[in-house]
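Just below is one structure, and these are the notes that go with it.
Please treat every number below as a calculation from the coordinates, not as lab data. Note that the structure is a prediction, hence the values are computed from the model and not measured. Positions of Cβ are backbone-derived with ideal geometry, glycine not excepted, and every protein chain shown enters the neighbour counts.
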Amino acid sequence: MPSKKSPARAPKRARVLAYVGAYTDRGKGIHLFEVDQASGALTPLETFAVPNPSWLEFDAGGNFLYATNAIADFAGGSTGSVTAFAVDRISGGLRPLGAVSSGGAGPAHLSIDPSGAFVLVANYGGGSVAVLPIRADGTLGPASDVQRIAGPLGPRRAADAPPGSFADSGHDAPHAHMVSSDPTGRFVLVNDLGTDRIYVYEFDRAAGRLIANDPPFVQAAPGAGPRHVAFHPNGRLLYSLNEEASTIDLMTWDARRGALAIVQTLPTLPAGFEGTNFPSEVAVSPDGRFVYAGNRLHDTIAVFAIAPRSGRMTHLRDVWTRGSYPRWFGWEPSRKFAYVLHTRSDNITIFRSDAKTGALAFTGRYVGVGNPSMIAFLTV
């Protein structure tokens, strides 16, 4: 008699987890959810106490999570901090590994350089950028370099702002809002809102140090307030969002010289808009066909089509985010669903995303989280 074979078991489907940072005036730190991959819904699992996690980033292997803590009194001093966590790859739980100084007050953003050896931190309150070495066990060492920005400040009112705008979020001092490596890892870019510049540094990986490039920066329009940038997948173009002018700049990137040049500027708001608005987040689709820009107060995401060769933008539509003051938006790994985080209405809204048209359709789903800052996704 032939032996009977056991029926083959279907491979277990990977889980997708969402880690939501939330300022601890109303949020609880880092909120862990599981993503329903059919509907995009978020099921709450656990929370992890950490002060004001303004930005979250996983290492390439998903074994460690790093969070900026937007405070100004770390260890009794006058800086913020960055906390490292080990990730349980089964439960998704976080185990604190310790915190180190961020090198300045109020860190707003961090990124991991392409080599995976350093965390780069932008200190909004301190007007500085720091380099933190990542040790073999995932913990962070003290800063190997801190660069303080000292350029001239831009005007308090943006030259290109909409009529009637009173947007003024930080031309009192330098305010480093974002730090990111270029695709090659040779250069580091720092958006500084107060000086209306994107600074460029050469990155000495051996020493963990930043060296002012030549040219050292690109100057945005007076008072524009560069906040965040996103590279096009081709690595030759970059889109920069201006927080006070409510504009988005298309720039070319010379990876040999580390030089940026502005070639197009468009408003993030519809024609005829008057009043105050604060853009928040910018993202480029993986296929390089669309760029998205968030608007706070107008409470929309502006969607632009990207021309295939030039990268020039054409406004397509404005998507109402269904909440108040959208600080961040992003997609889960399959990009079927987009999530918008609102800091004033204390919630997340979920949209179905159409990769072919760039459209976002509201699913009717809301998730309440106090003062959310951003989401980092992990597949386990």
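The charge dipole of segment 10-72, taken about its Cα centre with unit charges on the Cβ atoms of Lys, Arg (+1), Asp and Glu (-1) only, comes to about 160 debye. Between the residues Ala117, Val179, Pro96, the greatest Cα displacement towards the positive end of the dipole of segment 67-184, with unit charges on the Cβ of Lys, Arg, Asp and Glu, is found for Pro96. Between Ala60 and Ala173, full extension at 0.36 nm per residue minus the direct alpha carbon distance yields a gain of 37.3 nm. Return the single residue from Glu34, Glu281, Glu244 with maximal mean-square fluctuation; model: Gaussian network over the chain, springs between Cα atoms under 10 Å. For the chain, modelled as a Gaussian network with Cα springs under 10 Å, the answer is Glu34. Based on Cα contacts under 8 Å between residues 6+ apart, segment 280-331 shows a relative contact order of 34 percent. Can you give the local net charge around Leu193? Use residues other than it whose beta-carbon is closer than 11 angstrom to its beta-carbon, Lys and Arg +1, Asp and Glu -1. It works out to a net charge of -4. Averaging Cα coordinates gives a centre for segment 31-73 and one for segment 268-295; these two points are 25 Å apart.
If you put +1 on each Lys and Arg Cβ and -1 on each Asp and Glu Cβ, how big is the dipole of the chain around its Cα centre, in Debye rounded to 20?
Dipole of the chain, to the nearest 20 debye: 1500 debye.
With θ taken as phi - 60° and the Karplus curve 6.51 cos²θ - 1.76 cosθ + 1.60 applied, the whole-hertz 3J(HN,Hα) list for segment 177-187 is 9, 7, 9, 8, 7, 6, x, 7, x, 6, 10 Hz, x standing for glycine and proline. If you find the alpha carbon centre of segment 96-156 and of segment 225-262, how far apart are they in angstrom? So the separation of the two Cα centres works out to 21 Å.
Within the set of other residues whose C-beta is less than 14 Å from the C-beta of Val291, count the net charge using Lys and Arg as +1 and Asp and Glu as -1. Intermediate values should be presented prior to the final figure.
Values: positive: Arg289, Arg312, Arg317; negative: Asp249, Glu281, Asp287, Asp318.
Residues near Val291 contribute -1 overall.
Per-residue 3J(HN,Hα) values for segment 235-246, derived from phi via the Karplus relation 6.51 cos²θ - 1.76 cosθ + 1.60 with θ = phi - 60°, read x, 9, 10, 8, 10, 10, 9, 9, 6, 9, 8, 6 Hz in sequence order (x marks Gly and Pro). Between Gly103, Gly141, Gly80, the GNM of the chain built on Cα springs shorter than 10 angstrom shows Gly141 fluctuating the most. Distances between placed amide hydrogens fall under 5 Å for Thr24 paired with Asn52, all partners being 5 or more residues away or on another chain. In this rough spin-label picture, where each label sits 7 Å from Cα along the Cβ direction, the Thr184-Arg257 distance is 1.3 nm. When the chain is fully extended, how far beyond the present Cα-Cα distance does Arg135 get from Ala212, taking 0.36 nm per residue of separation? Result for the pair: 25.2 nm of gain on full extension.
Sequentially through segment 135-145, phi angles give Karplus couplings (6.51, -1.76, 1.60; θ = phi - 60°) of 7, 4, 8, x, 6, 10, x, x, 4, 7, 6 Hz, Gly and Pro residues having no value and appearing as x.
When the alpha-carbon atoms of segment 261-380 are used, the pair Rg, Dmax equals 14.2, 47 angstrom.
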